[in-house]
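Asker: Handing you this structure, nothing more for now.
Every number here is computed from the coordinates shown, using simple stated rules; none is lab data. All values reported here derive from a predicted model rather than from experimental measurement. All Cβ positions, even for glycine, are placed from backbone atoms using ideal geometry, and neighbour counts span all protein chains on display.
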Amino acid sequence: MKKKYKILVTNDDGYEAKGLLCLVKALKELDGVEVTVVAPANEKSACGHSLTLVRPLRFVSVDDDFYKLDDGTPSDCVYLSLSTLFENEKPDLLVSGINRGSNMGEDITYSGTAAGAMEGVLHDVPSIAISQVMDFTNPDGDFTLAMKTIKKLVLKIKKGSFPLPKREFLNINIPADVDEAQMQVTYAGYRFYANDSHVHRNPRGEEYYWLGLHPLDFVPRDGVEEVSDYEAVQAGKISITPIMLDLSAYKSIKNLKSWIE
């Protein structure tokens with residue numbers, strides 16, 4: 001009997017998110033694929049690459065090979081899955097998403113979706129993070145192109161090999177309101193961040209704040225010939241960015257040595 005190609009799926013929007021369910025549906029349509037889902041019980045957007053160290057975690061079965069992790073982060077989901085469900089054999093691939101909203105530029109450092117892929121490659125599991133750029137006035141969103149894209153990429157990886165070395169993952173952003181699109185290899189752009197928060201008062205007169213939603217705006221990056229993820233998406237293309245976990249600023253090492261001396 002031919003060995004199944006095992007895929008671990010997680011996200012940061014929670015186990016009931018439409019994007020996650022669309023991802024699972026797309027992957028299960030592929031021949032010879034076995035999908036295991038471990039997702040947060042609650043939305044964990046912008047939680048970054050965080051692990052839960054101050055309280056216990058618990059798997060809750062939702063369906064066959066489908067679990068929610070009680071108050072866990074995407075990194076928790078991957079970490080705990082690999083040490084329990086995949087203790088004897090690692091999955092062949094990890095896919096995190098499909099996120100509701102973009103994860104481009106420095107948003108990658110905030111992203112729970114990207115963090116799921118980061119945790120995967122830390123354990124030598126080839127990993128993909130996939131996000132759907134969208135208009136948030138539409139509460140549901142259309143994940144059709146994202147589903148087509150992930151199926152195409154997973155098939156290519158399954159039949160061949162993962163295109164990146166260890167500790168690097170693919171970060172994919174799907175443009176909004178597009179039925180078909182070309183793929184473009186990109187770099188992570190420089191995001192423009194506003195410092196926006198909204199103050200309100202509860203019935204007792206106590207102040208509380210909601211952090212504002214930043215505009216999707218990017219700053220041009222000097223000296224880079226490649227196209228950024230933002231530029232590709234704005235042009236209606238699918239952005240595919242290789243992301244590495246090494247945060248060392250190699251170009252600054254020489255100057256820092258001189259400064260220290």
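Asker: Is there a quick way to get the dipole size of the chain? I mean about its Cα centre, with the Cβ of Lys and Arg at +1 and of Asp and Glu at -1; what is the value in debye to the nearest 20?
Answerer: Charge dipole of the chain: 780 debye, to the nearest 20.
Asker: Same structure again: Modelling each spin label as a point 7 Å along the Cα-to-Cβ direction, I'd like the Glu106/Glu89 distance in nm, to one decimal.
Answerer: Taking the simple label geometry, Glu106 and Glu89 are separated by 4.4 nm.
Asker: Can you give the Kirkwood hydrodynamic radius of region 120-261 from its Cα pairs, in Å with one decimal?
Answerer: Details: mean 1/r = 0.0546 Å⁻¹.
In region 120-261 this quantity evaluates to 18.3 Å.
Asker: Sort 46-56, 199-209, 15-25, 92-102 for me by packing, meaning the mean count of neighbouring Cβ atoms within 10 Å per residue, highest on top.
Answerer: Highest mean packing first, the order is 92-102, 15-25, 46-56, 199-209.
Asker: May I pose another question? What is the chain's relative contact order, in percent, from Cα pairs under 8 angstrom and six or more apart in sequence? Could you put the intermediate results ahead of the total?
Answerer: Details: 526 pairs, mean separation 44.7, N = 261.
Relative contact order of the chain: 17 percent.
Asker: Once fully extended, how much extra length lies between Asp246 and Ala194, figured as 0.36 nm per residue of separation less the alpha-carbon to alpha-carbon distance?
Answerer: Here the segment from Asp246 to Ala194 would lengthen by 16.0 nm.
Asker: While we're on this one: Taking the dipole about the Cα centre of the chain, with the C-beta of Lys and Arg at +1 and of Asp and Glu at -1, give me whichever of Val33, Tyr15, Thr73 is farthest to the positive side.
Answerer: Of the listed residues, the answer is Val33.
Asker: Continuing with the same structure: Taking the Cα centre as origin and putting +1 on Lys and Arg beta-carbons and -1 on Asp and Glu beta-carbons, what dipole magnitude results for region 16-88, to the nearest 20 debye?
Answerer: Roughly 280 debye, rounded to the nearest 20.
Asker: Could you state the principal axis extents of the C-alpha atoms in the chain, from the largest down, to the nearest angstrom?
Answerer: Result, largest extent first: 59, 55, 48 Å.
Asker: Residue separation times 0.36 nm, minus the C-alpha to C-alpha distance between Phe59 and Leu216: what's the value?
Answerer: Fully extending the segment from Phe59 to Leu216 adds 53.0 nm.
Asker: Hey, rough spin-label estimate for Arg201 and Thr52, points 7 angstrom out along Cα→Cβ, what's it come to in nanometres?
Answerer: Distance between the two pseudo-spin positions: 3.6 nm.
Asker: Determine the alpha carbon to alpha carbon distance for each of Lys2/Lys152; Lys28/Lys148; Lys6/Lys159; Lys44/Lys158; Lys2/Lys159; Lys25/Lys166 and list only those over 23 Å.
Answerer: With Cα atoms farther than 23 Å apart: Lys44/Lys158; Lys25/Lys166.
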